[in-house]
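Reading through the structure tokens given below for one structure.
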Amino acid sequence: MTARADFLARIRREVAKTTGQVAASTAPRPPHPGAAADAIRRELAERWPQALERFRQEFERVAGIFHRVPTVEAAPPVIAAIARERGARNVVTWDPGALGFDPAPALAREGLAVAAVSAGQESEAARVRHRAEAAAAQLGVTGADFVLAETGTLILLSGAGRPRSTSLLPDVHVAVFGRDRLLESLEQVGVMLEALHVDPDRATSGAMINFITGPSRTADIELTLTRGVHGPKEVHAIFVEAP
Amino acid sequence: MSDAALRTPFPERASAALKDGFLQEALTIATTKFIDLRRESFAGFPQGEALRDQARAIKEATLQRLDAHLDRLADNVERLGGVVHWATTAEEAREIVLRLARDRGVRMAVKSKSMATEEIDLNEALEHAGITPIETDLGEYIIQLAHEKPSHIIAPAIHKTKGQVAELFSRELRGQFPADPEVLTAVARQALREKFLQADMGITGANFAVADTGTVVLVTNEGNGRMVTSLPRIHVAIMGIEKVIPSMSDLVVFLAILARSATGQKLSSYTTLVRGPRRAGELEGPEEFHLVLLDNGRSRQIASTLREALYCLRCGACLNVCPVYRQIGGHAYGHTYPGPIGILLTAMLKGNESVRELAHASSLCGACKDVCPVRIDIPRMLIELREHLDRDKIAPWGERVVFRAFRRLLMSEPAFRLSARAGRLLQRPFVRGGRLRGLPLLFGRWTRTRDLPPVAARTFRERWKDLR
């Protein structure tokens, strides 16, 4: 075991030998990430239709399946139809607060067994029960915190009521989001991540951020592209038009 | 690779690979496909070139203050509730992980693909301690079941046919599985899903670590990296010290070019940002997060010949375009990291002696430098490496004598002219099909694996004299 001080001292000694090296620079950072993030949000409030169209194209290019509904009330029937087509019976969803709506009653009426996560739970018993439900579910419903048009990517923050596995363990992942989640470029994502980091109200967010670009895939056997190796075989995005 | 395999000299390993018909075909198909995917991806991405320059500048800037960035990374990981470990050598890194596993009663560890853990031979150490390591990347899983080593940085099992995989799965997982990638993938999904849910420890590498936020970043396609970092109660990430980057703004620059360089994707299916153990309110995620910072010879190169190799993102693009890799594949190199960058990384981790033959396994064509997302000047470093091998008398005696003589010739105009004439006469018995083959004596070592162009009937100098 090396002590931190010794480890870093060795590196410092080597680094010191190289002063006068070639010019180099890190990426420019927004001086006020929160303000920069707000500025992007304001711009996107006007440009979101173009971003949405680009997202649809890129999402479909990575084998994502795009849906569009006028209001959140119209989302559960779409989710139920996806479940029916795939023979899915068990559904796990994020906490209604994290989703922005409660799909459970409507999905239950469609005959689906719904396990909705509740943000208040974190006892060991709740943990065990949740894992069993998530492992048994064939379909997982989440929101999306950022939706990146440039690459067709859904970005999900983990946290209370928003488990990481909802978008991972079931065969089918369905993400529901509105226009305010759209971003155009990776650069904008960089600003959002910087802003997230300086935001004092980080209690709401968990320890993991996942960028999801299409279904799980591999080409490890003779370079044959195969979907759903560990994660979902299908990813659906449901865009809700109503602001 | 086992020591026994390494005792076979490189030329023999290489020529065995050249005679392996399936390997030859698999290599051609795989590398050509990767090259095309990469090219198409960058063709539709005009800002790619500027981003590559920017990424290179970030790597250089980070190296210039590497100690400060690592210090900051450690502070932030600890602030988030993680534990940072400092490993100067591979042995220290292994001990750290073993002690963590033993102290916590870990019996099975699931692993996401990590070159750093390959580098330190972690699996062997875990097995020896009675802890079962399970590789969960499909390619790595195949390799582990077959007791082999990866042959490509990002496609570890490209040397195996689907028939071989079907046979392997049928034997190891007790079933009768057809040689169908789709079926075999489903078989692995089921077998590994259980392991993810049972394992006590998840072990990963790191593609990046953001100093400013204490975030470890994993880039994967299969989703196993997410499983490994979400389901077991302990997560251990092992990363080379050069993987640290300053900020999230830097991260997105690398993300924009990494997947494009590796597989031609705009982004890999999953980019996972890990910010310590699970937080209050989270139902899932590890209770403990450990980050092992691995030096293992890296810091020695900060002020030395191989500095630029510390920029490497491990995308594998330089393997695909290398005329040597394309012919012999990854195993013939005999070390964890194959291909052009692999030669440099091997020299970095194991010393110059370990690449005395490999340093010449390059035509210096420069294709690797052209495709490298951070424009690492691999050919320059290979030449410098060869120079070191000569100066430190690591290169074989014969090679050093011949090259010294050659140097003399090139530095003296009369000697050069005379030798061209002499060569023209002496080469006659050895020219076949317009190439010099099977030279005698010391020169034979050269022509055993390479053809040489003969001295021209009339040299340039002779023709130039007439033209004037």
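From B:ALA280, B:ALA332, grab the single residue that is surrounded by fewer than 22 Cβ atoms within 10 Å (Cβ to Cβ) and of a type in the set (A, V, I, L, M).
B:ALA280
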### Residue check, A:SER165 among the small types (Gly, Ala, Ser) and at the interface with chain B (Cβ under 8 Å from one of its Cβ atoms)
yes
### Residue list for segment B:216-244, restricted to those being more than 8 Å from every other protein chain (Cβ to nearest Cβ), among the β-branched types (Val, Ile, Thr) and either under 21 Å from B:ALA74 (Cβ atoms) or in contact (Cβ under 8 Å) with a residue 60 or more places away in the chain (or both)
B:VAL216, B:VAL217, B:THR220, B:VAL228, B:ILE234, B:VAL236, B:ILE238, B:VAL244
### Query
Among the listed residues A:VAL235, A:VAL198, A:VAL229, which satisfies the condition of being of a type in the set (Val, Ile, Thr), in contact with a strand residue (DSSP E or B) (Cβ under 6 Å, 6 or more places away or on another chain) and more than 8 Å from chain B (Cβ to nearest Cβ)?
A:VAL235
### Query
Restricting to segment B:258-288, what's the tally of residues that are facing chain A (nearest Cβ under 8 Å) and in a strand (DSSP E or B)?
5
#### Entry: Scope segment B:309-324; condition within 22 Å of B:VAL219 (Cβ to Cβ) and part of a helix (DSSP H, G or I); matching residues
B:ALA309, B:LEU310, B:TYR311, B:ALA317, B:CYS318, B:LEU319, B:ASN320, B:VAL321
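Kindly indicate which of A:GLU241, A:GLU222, A:GLU150, A:GLU187 is more than 9 Å from chain B (Cβ to nearest Cβ) and surrounded by fewer than 24 Cβ atoms within 10 Å (Cβ to Cβ).
A:GLU241
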### Query
Which residues, taken from segment A:157-184, are in contact with a Ser or Thr (Cβ under 6 Å, 6 or more places away or on another chain) and surrounded by fewer than 24 Cβ atoms within 10 Å (Cβ to Cβ)?
A:LEU157
#### Entry: Matching residues, segment A:117-144, being under 18 Å from the mean Cα position of the chain (by Cα) and either within 12 Å of another protein chain (Cβ to nearest Cβ) or modelled with pLDDT under 95 (or both)
A:VAL117, A:ALA119, A:ALA134
### Task
Residues being facing chain A (nearest Cβ under 10 Å) and either part of a loop (DSSP other than H, G, I, E, B) or among the aromatic types (Phe, Trp, Tyr) (or both): count how many of those fall in segment B:291-308.
5
### Task
Go through B:ARG375, B:ARG380, B:ARG356 for me and flag whichever is modelled with pLDDT under 95 and more than 27 Å from B:PHE22 (Cα to Cα).
B:ARG356
### Task
Answer yes if at least one residue in segment B:206-213 is of a type in the set (Gly, Ala, Ser), buried (at least 22 other Cβ atoms within 10 Å of the Cβ), more than 7 Å from chain A (Cβ to nearest Cβ) and closer than 15 Å to B:THR117 by Cβ, and no otherwise.
yes
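Residue-wise test of (1) closer than 27 Å to B:ILE245 by Cα; (2) surrounded by 12 or more Cβ atoms within 10 Å (Cβ to Cβ); (3) touching a residue at least 12 places away in the same chain (Cβ under 8 Å).
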residue	(1), (2), (3)
A:LEU8	yes, yes, no
A:ALA27	yes, yes, yes
A:GLY34	yes, yes, yes
A:VAL72	no, yes, yes
A:VAL78	no, yes, yes
A:GLY87	no, no, yes
### Task
Answer yes or no as to whether B:ASP250 is charged (D, E, K, R), surrounded by 24 or more Cβ atoms within 10 Å (Cβ to Cβ), more than 23 Å from B:ASP36 (Cβ to Cβ) and at the interface with chain A (Cβ under 8 Å from one of its Cβ atoms).
yes
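What is the residue count in segment A:127-141 for residues that are in contact with a Leu (Cβ under 6 Å, 6 or more places away or on another chain) and either under 24 Å from B:SER41 (Cβ atoms) or surrounded by 22 or more Cβ atoms within 10 Å (Cβ to Cβ) (or both)?
1
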### Query
So, in segment B:168-185, of the ones that are under 28 Å from the mean Cα position of the chain (by Cα) and free of Cβ contacts under 8 Å to residues at least 24 places away in the same chain, which residue ends up nearest to the other protein chains (Cβ to nearest Cβ)?
B:PRO181
### Query
Is there a residue in segment A:203-226 that is part of a helix (DSSP H, G or I) and closer than 26 Å to B:GLY276 by Cα?
yes
### Message
Take B:ALA415 and tell me if it is part of a helix (DSSP H, G or I), surrounded by 16 or more Cβ atoms within 10 Å (Cβ to Cβ), assigned by TED's automatic domain parsing to the domain that holds B:ARG450 and modelled with pLDDT under 95.
### Response
no
### Task
Only residues that are more than 29 Å from A:VAL22 (Cα to Cα) and facing chain A (nearest Cβ under 8 Å): list them for segment B:33-85, please.
B:LYS33, B:LEU80, B:VAL84, B:HIS85
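The values are calculated or read from the model by the stated rules, or taken from the named source; none is laboratory data. Fair warning: this is a prediction, and the values are worked out from it, not measured in the lab. Cβ sites come from the backbone with ideal geometry, for glycine too, and all protein chains shown count toward neighbours.
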